[in-house]
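Step one of this worksheet: look at the structure below.
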Amino acid sequence: MSVLDNLKAKAGVMKDKAVGFTQQHEEKIERGLDKAVKTVDSKTKGKYRNKLETGADKAKNALGRFSHPQEGQGKAKGHGRPST
């Protein structure tokens, strides 16, 4: 087995552990994002509220895709919302 094969195998194990962690703690991670947005929003007196909320929404969507990878296979890459 080459060095690259060893690295790929270890990366796969690490990804599996990260997916398990996010599945186990998804609600805590989302609460942390909400708390961070609230804190920064209060410190900036609402000046960046829309950008903070947009960023938090994108982070939560990415968290959902990462913690539940099989559910998103039918969607086009990069498009989490259905078109209207």
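For (1) within 21 Å of Pro69 (Cβ to Cβ); (2) out of contact with any Phe, Trp or Tyr (no Cβ under 9 Å at 6 or more places or on another chain); (3) free of Cβ contacts under 8 Å to residues at least 60 places away in the same chain; (4) exposed (fewer than 10 other Cβ atoms within 10 Å of the Cβ), each residue gets a yes or a no:
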{"position": "Asp5", "(1), (2), (3), (4)": "no, yes, yes, yes"}
{"position": "Ala9", "(1), (2), (3), (4)": "yes, yes, yes, no"}
{"position": "Gly20", "(1), (2), (3), (4)": "yes, yes, yes, no"}
{"position": "Gln24", "(1), (2), (3), (4)": "yes, yes, yes, no"}
{"position": "Val40", "(1), (2), (3), (4)": "no, no, yes, no"}
{"position": "Lys47", "(1), (2), (3), (4)": "no, yes, yes, no"}
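Within region 1-38, being small (Gly, Ala, Ser) and within 19 Å of Ala59 (Cα to Cα) holds for Ala18, Gly20, Gly32, Ala36.
Yes or no: Gly55 of a type outside the set (Lys, Arg) and not in a helix (DSSP H, G or I)? The answer is no for Gly55. Please verify whether Glu30 is surrounded by 12 or more Cβ atoms within 10 Å (Cβ to Cβ), under 28 Å from Gly12 (Cα atoms) and without any contact (Cβ under 8 Å) to a residue 60 or more places away in the chain, treating the condition exactly as stated. Criteria met by Glu30.
Take the conditions surrounded by 10 or more Cβ atoms within 10 Å (Cβ to Cβ) and out of contact with any Asp or Glu (no Cβ under 8 Å at 6 or more places or on another chain) and apply them to Lys51. Does it pass? It is true that Lys51 is surrounded by 10 or more Cβ atoms within 10 Å (Cβ to Cβ) and out of contact with any Asp or Glu (no Cβ under 8 Å at 6 or more places or on another chain).
Look at Ala36 and say whether it is within 14 Å of Phe66 (Cα to Cα), aliphatic (A, V, I, L, M) and surrounded by 12 or more Cβ atoms within 10 Å (Cβ to Cβ). No: the conditions fail for Ala36.
Yes/no per residue for (1) modelled with pLDDT under 90; (2) β-branched (Val, Ile, Thr):
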{"site": "Thr22", "(1), (2)": "yes, yes"}
{"site": "His25", "(1), (2)": "yes, no"}
{"site": "Arg31", "(1), (2)": "no, no"}
{"site": "Glu53", "(1), (2)": "no, no"}
{"site": "Leu63", "(1), (2)": "yes, no"}
{"site": "Pro69", "(1), (2)": "yes, no"}
{"site": "Arg81", "(1), (2)": "yes, no"}
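The values are calculated or read from the model by the stated rules, or taken from the named source; none is laboratory data. All figures in this text were calculated on a predicted structure; none of them were measured in a lab. Every residue, glycine among them, receives a Cβ derived from its backbone with ideal geometry; neighbour counts consider all protein chains shown.
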